[in-house]
Amino acid sequence: MAVQNKYKTLLSNTAILGIGTFGSKLLVYFLMPLYTACLSSDQFGRADLIAQTANLLIPILSISIGDAVFRFTLDRAKNRAAILTTGFFILGAGALVGLPLGALLNCIPYFAGGYGWLIIAYTVASNFHTLCANYLRASGRTKLFALQGIFTTAFTVGLNLIFLLGLDMTVTGYVLSVVLADMIVGVALFFGCGLWKQVSVSAFSPEFAKKMLRYSAPLIPTTIFWWITNVSDRYMIAWFCGDDVNGLYAAAFKIPTLLILVSGIFIEAWHFSAVTDRGDARQQSRFFSTVFDSFQAVMFMAGAGLTAFAKVCAILLFDDSYYTAWQYMPVLLLATVFSSLVTFMGSVYLVEKKSLNSFYTSLIGALVNIVLNLILIPIWGAQGAAIATFTCYLVVFIIRAVNTQRYIRFNLHLRKLAVNTVLTAVQCVLMVAEPPVWWLWQGLIVVAVFAINAKPILRGIMQVLRRGK
């Protein structure tokens, strides 16, 4: 692909995914008043832990095969039927393993009452849906991939209204709405998009199975380590502080999730471009450098803006009993910014198929997170968990920033990155500590962050538009 088309394709795919994903996902945030009104803080905390436990099992029972299907489909115009079939066979084996595991989970008092089966159903439905969606995305059907995201969210919202308001199913209804939405859309993709025509016993390839598992197997502990980084604090908060504080912390995480949503939309488009539009080493380096500069600018601007309105978000989206959750948002937002930068660094490992590097770096992050959680939560409660999460992502980013230069050398714009980090960190301290005229100083910081980062974004957009003529 010509150089001038790389940026245009990336921007186009990001726009398509943004239109198809951001608007629909935004509906979930408008449901936060419903969640916080229908679920007490301890119920919300329990529902969150059930969902997060399922997220832990998702890579284990699937052997992360959905990621392998995406990566190998990008590389091969032929043999896609073998790749898809092999993925489904491995997924089916994982689902069978999940049956006795569900019975075992039901024996745990915290998950008693059928929650164990709900966790397994959540896992199986998510893996099935993800595999179908990843195959479509890797096949270049970006618009369809975005459209299925809209339908998934629509079903989730509709089922939430039925289960929480109509049937008063509380925790079960909250989780079951996600399970059914994933399964409905997954089945629709499988049959409606003709994927079933490519799946057959004869298409199964032991050769592809070995190659795909060699790539995906290291991603299992990688995903688990990120799960530990993101979720271990929930268990520790529940242990040290109780389910009610954990519920507040889980609610506070919903606002930083907006950043994850924004970065996730871009990263989905970026992964496609990073693999398919590589070019020679010099072009690849310039491509990564330009994109990273704009990406970090958007993330820091969004993080600073959301931090400034943390209290407003809490008033608009939460029930009154959840208002104090705002105090955890600033640090969690900064942590999420670095989580997104870490994910960008991981795209180098995706391009080079260096999944073991993802494993090692995420292991370090998980260890840092656990140690800091054990130290800081007893001292500062949930705020200590937020600080631990930020620190862990900062450490992993530094490690990956150094390590990825071995494979693709590109400009990280370190001076701008350092200034952005210091400014947003100071903003977090001002927001939480609330010294005299804190609002004035915070406003000045937001203006500074936007001034530093707006110019390269505008320059990049104008460059793409000029090249597109």
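The values are calculated or read from the model by the stated rules, or taken from the named source; none is laboratory data. What you see is a predicted model, and the numbers here were worked out from it, not measured in a lab. Every residue, glycine among them, receives a Cβ derived from its backbone with ideal geometry; neighbour counts consider all protein chains shown.
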- Under 6 Å between Cβ atoms, at least 6 apart or on separate chains: pull out the pairs that start in segment 207-226 with a residue that is within 21 Å of Ser339 (Cα to Cα) and touching a residue at least 12 places away in the same chain (Cβ under 8 Å) and end on any residue that is hydroxyl-bearing (Ser, Thr, Tyr) and part of a helix (DSSP H, G or I). Pro218/Ser355; Leu219/Ser355; Thr222/Ser358; Thr222/Ser362; Phe225/Ser362; Trp226/Ser362
- Message: Considering only segment 190-206, I want to know if a residue exists there that is in contact (Cβ under 8 Å) with a residue 12 or more places away in the chain, surrounded by fewer than 17 Cβ atoms within 10 Å (Cβ to Cβ) and either of a type in the set (S, T, N, Q) or assigned by TED's automatic domain parsing to the domain that holds Arg400 (or both).
- Response: yes
- Task: Please list, ordered by first then second residue, the pairs with beta carbon atoms under 6 Å, 6 or more apart or interchain, first in segment 90-108 and assigned to a helix (DSSP H, G or I), second small (Gly, Ala, Ser).
- Result: Leu91/Ser62; Gly94/Ser62; Gly102/Gly116; Leu105/Gly116; Asn106/Gly116
- Query: Which of the residues spanning segment 258-268 are modelled with pLDDT of 80 or more and not hydrophobic (A, V, I, L, M, F, W, C)?
  - Reply: Ser263
- Item | Selection count where residues are within 30 Å of Tyr328 (Cβ to Cβ) and either aromatic (Phe, Trp, Tyr) or buried (at least 19 other Cβ atoms within 10 Å of the Cβ) (or both), scope segment 395-411 | 4
- Task: Select from segment 291-322 the residues that are hydroxyl-bearing (Ser, Thr, Tyr) and modelled with pLDDT of 85 or more and write down the one among them that is surrounded by the most Cβ atoms within 10 Å (Cβ to Cβ).
- Result: Thr307
